[in-house]
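We did not get these values from a lab; they are worked out from the coordinates using the rules stated. All figures in this text were calculated on a predicted structure; none of them were measured in a lab. Every residue, glycine as well, gets a Cβ built from its backbone with ideal geometry; the counts of neighbours run over all protein chains shown.
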Amino acid sequence: MTFRCRFAPSPNGRLHLGHAYSALVNHDAAQRSAGRFLLRIEDIDATRSRPEFVAGIREDLQWLGVLPQEPPRHQSGHLPAYADALARLRKAGLLYPAFESRAEIAAEVRRRDLTAPWPRDPDGAPLYPFSRTSLPDSARQRRLAEGAPHVLRLHMDAALEAAGDGLSWQEAPGDALAPPEAVRADPAAWGDVILARRDVPGSYHLCVVIDDAQQEISHVIRGADLKPATAVHRLLQRLLGLPAPIYHHHGLILDADGRKLSKSAGSTSLAELRQSGATPGTVRARLGFA
């Protein structure tokens, strides 16, 4: 099996040290295995993605010395692949439109919390508090025809039944090239996850499994914060008949307060570090690379 891994940032801001660490871990693993290091631009959300950030990603990777070995894949250029996957899931009876707003969902969760704590997903968000049968199919079809705002949710119970037992993934512990170990997958912990929105034609969960399959990724190397989501990805891979890569979830780069670096929190970007006099060597040393 040819080793193929990818670095997959979203172009909604400049890269920071956390991104640099993930890119370097991927690039290092590809070099040690004589494999391929690829780049994916996750620009499925057209409202947040901007061309200048795409250019910034390439500028930062070139500065670090970790340019991809193949042309980058842009999610925005593969919308038919995501639409096809959604159509297959819909045909199998595993998708349904949901029309509740965020405010309606929050209000229902507060109501249910009065009786007992409403369950949360591994990221801490409350599970969808309604059900597929909360609205008759005829009413759903009428609202769809009217163009009502909605999302497409995975019918988790039906999906688990269709997938069968023994769902797990292969996780390489400690190092991306270490012998992998089986990890039991529990996608039910996520409830009826969203797979598409009216303005975003595919969720992260859906697009990432399609992209990994089409890029022939053998090893998914990404941050530990995404490890719980692997359960949903393995479920979708089985439902769609896609290959299952080996996973390695590396540690995160934290700020002085112990929080994960993020664009939304204004973490110092690589461009800012570069302007302040940092070199690729000092960044590598700071992140533990030779």
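Let's test the formula: R0 of 51 Å, r as the Cβ-Cβ distance of GLU104 and SER33. What FRET efficiency results, to the nearest 0.05?
Numbers: r = 49 Å, r/R0 = 0.96.
After rounding, the FRET efficiency stands at 0.55.
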Taking the Cα centre of the stretch 180-234 as origin, work out the dipole magnitude from +1 charges on Lys and Arg Cβ and -1 charges on Asp and Glu Cβ, in debye rounded to 20. 120 debye
Which of these, GLN237, GLN75, GLN275, has the largest mean-square fluctuation under a Gaussian network model of the chain (Cα springs below 10 Å)? GLN275
Please tell me the relative contact order of the chain in percent, rounded to the nearest whole number, where contacts are Cα pairs under 8 Å and at least six residues apart. 24 percent
What's the magnitude of the charge dipole for the chain around its Cα centre, counting Lys and Arg as +1 and Asp and Glu as -1 at the beta-carbon? Answer in Debye, nearest 20. 300 debye
Once both label points are put 7 Å beyond Cα along the C-beta direction, the ALA46-ALA290 separation in nm becomes 4.7 nm
For ILE57, ILE194, what ranking results if the residue with the fewest other Cβ atoms within 10 Å of its Cβ goes first? ILE194, ILE57
Would you calculate a helix-derived [θ] at 222 nm for the chain, using -39,500 (n - 2.57) for each DSSP H run of n ≥ 4 and dividing by the full residue count, to the nearest 500? -11000 deg cm²/dmol
So which residue, out of SER269, SER134, SER22, gets the largest mean-square fluctuation from a GNM of the chain using Cα contacts under 10 Å as springs? SER134
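In what sequence do CYS207, CYS5 fall when counting other Cβ within 10 Å, fewest first?
Exposure proxy ranking, most exposed first: CYS207, CYS5.
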